[in-house]
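The values are calculated or read from the model by the stated rules, or taken from the named source; none is laboratory data. Note that the structure is a prediction, hence the values are computed from the model and not measured. Here the Cβ positions follow ideal geometry from the backbone for every residue, glycine too, while neighbour counts run over all protein chains shown. Heads up: the accessible areas ignore ligands, DNA and RNA and are worked out on the full protein's heavy atoms, side chains in. Shrake-Rupley method; radii C 1.70, N 1.55, O 1.52, S 1.80 Å.
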Amino acid sequence: MNGMENKNVFAQLGVSDAVYALGEEVLCGLRDRFAELDRTAEYNQAKVIAAMQKNRVSAACFTMTSGYGYNDVGRDTLERVYADCFHTEAALVRPQITCGTHALAVALSANLLPGDELLSAVGRPYDTLEEVIGIRPSACSLAEYGVTYAEVPLLADGSPDYEGIRAAINERTKLVTIQRSKGYATRPTLSVETIGKIIRCVKEVRSDIVCMVDNCYGEFTEKIEPSDVGADMIVGSLIKNPGGGLAPIGGYICGSAACVSRCAYRLSAPGLGQEVGANLGVMTQLYQGFFLAPTVTASAVKGALFAAALYERLGYRVVPSSSEERHDIIQAVELGSEEAMVAFCRGIQQAAPVDSYVTPVPWEMPGYESRVIMAAGAFVQGSSIELSADGPIRPPYAVYFQGGLTWTHAKLGVLMSAQKMLEAGLIRL
Ligand SMILES: *Cc1c(COP(=O)(O)O)cnc(C)c1O
């Protein structure tokens, strides 16, 4: 029997008995949280299946189309599935949307005209949006087209500054953007409930202001989405949560018919809109990925929670803590030194099904001020719903850990990271 114990098969992968035992101990304290995550996954799974059944998804939906893609049943039905699942009038879900930044850029540029103002209600948005908006000058930015930008930072405790938001709205304010996930910043991730409060605050000042939510990393972490609390558009990437790890590319915009149809005209061309865009044979992956997304997201959240609890136990500061509610899949662990970041990332890499033999090292990445280290061994390149870790080499030497298509793989990754820390003499058990 002894030979068939789980710790032995983990030992074959390089996890020592001591690290495995620590993991089991930490897990004992997480049972209730895991049960709650399973209930959320169950709820969301039912939501997805109901949307697929309502729209009579069938084998015909998986047929490849090419060329213009007129009358693409698979594409049109998938968009109805997204719209019904997220309770919106319309959805644009396309492989032609190359990533989350692209989806957000389409949503913004389609719904803002020269002279309009964009307001970020939750401080500085995700890095890549700085060039989309023109905070950092870039060709074709919104700023170049005469769209101005204002932002209201979060309060010191990380909560929204409702008074500041009301005061920042002027007669030119056309669209308010709200980022759900902290991304790679240190602010807290917003709950859907809090997002709802921000939207109500904005709509009380002027009900015609479009409220857009950058939903990246947040999908299916709660039972409701920002579209359930008044968002006019929710936007995200298919190589994160809603692609379930299977989508090879893509992005989505779900929202009001008026906003989404403008997005379709911006994505393709005025006059063409949503009618064109061949599916290129990726429909099975987009449907099946969406079907898997609730449980895949729950696996990733379990991994994040496990990492938080284990590294807390080892004495590190983690954001969010293991007792906080979670609204996205990202876990920050402040490791305090470059050596610890390297060891952590090597563990994640060594646990991967793909590229496990590669050794991550800090490097000068274009566009970043500090050196960056990244660990990822993914089936879909750059996919961050798959287990990955990265961070800039600068104080507080935080790694951002996310993803895990299965909870078991996320568990192995976390244990392996601790193993590498142990072997480097950075922790003691
Ligand atoms: C990932 C992410 C984006 C951008 O998505 P890409 O697919 O990397 O372009 C935007 N906002 C947030 C909050 C994200 O997490």
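I need the full set of residues from the stretch 249-279 which are assigned to a loop (DSSP other than H, G, I, E, B) and away from the ligand (no atom under 13 Å from the Cβ), in order please. Passing the criteria: Ser256, Ser268, Ala269, Pro270, Gly271, Leu272, Val276, Gly277, Ala278, Asn279. Kindly evaluate Tyr82 against the criterion of being in contact (Cβ under 8 Å) with a residue 60 or more places away in the chain, away from the ligand (no atom under 16 Å from the Cβ), buried (at least 19 other Cβ atoms within 10 Å of the Cβ) and within 30 Å of Gln419 (Cβ to Cβ). Answer is no for this residue. Of all residues in the stretch 25-40, those satisfying the criterion of being surrounded by 13 or more Cβ atoms within 10 Å (Cβ to Cβ), over 21 Å from the mean Cα position of the chain (by Cα) and in a helix (DSSP H, G or I) are Val26, Leu27. All of Cys211, Cys216 fail the test of being assigned by TED's automatic domain parsing to the domain that holds Arg80 and closer than 30 Å to Ser322 by Cα, apart from Cys216.
Among the residues of the stretch 89-104, those identified as surrounded by 18 or more Cβ atoms within 10 Å (Cβ to Cβ) and over 15 Å from Ser261 (Cα atoms) are Pro95, Gln96, Cys99, Gly100, Thr101, His102. Residue check: Glu369 meets all listed conditions (1) surrounded by fewer than 16 Cβ atoms within 10 Å (Cβ to Cβ); (2) within 16 Å of the ligand (Cβ to nearest atom); (3) in contact (Cβ under 8 Å) with a residue 12 or more places away in the chain but one, namely (2).
Scanning the stretch 229-248 for residues that are within 28 Å of Thr194 (Cβ to Cβ) and either of a type outside the set (Gly, Ala, Ser) or assigned to a helix (DSSP H, G or I) (or both) yields a count of 11. Would it be correct to say that Tyr43 is in a loop (DSSP other than H, G, I, E, B) and either outside the structural domain of Pro95 (by TED's automatic domain parsing) or aromatic (Phe, Trp, Tyr) (or both)? Judged against the criteria, Tyr43 is not a match.
Taking the listed residues Gln349, Gln402, the one that is modelled with pLDDT of 95 or more, away from the ligand (no atom under 16 Å from the Cβ) and crowded, with 24+ Cβ neighbours inside 10 Å is Gln349, with no other qualifying. Scanning the stretch 273-315 for residues that are of a type in the set (Ser, Thr, Tyr) and surrounded by 23 or more Cβ atoms within 10 Å (Cβ to Cβ) returns Thr297, Ser299, Tyr311. The strands (runs of 3 or more DSSP E) located wholly in the stretch 119-228 that include 1 or more residues which are at pLDDT 95 or above, open to solvent by 20 Å² or more (accessible area, probe 1.4 Å) and of a type outside the set (Ser, Thr, Tyr) occupy 148-151, 173-179.
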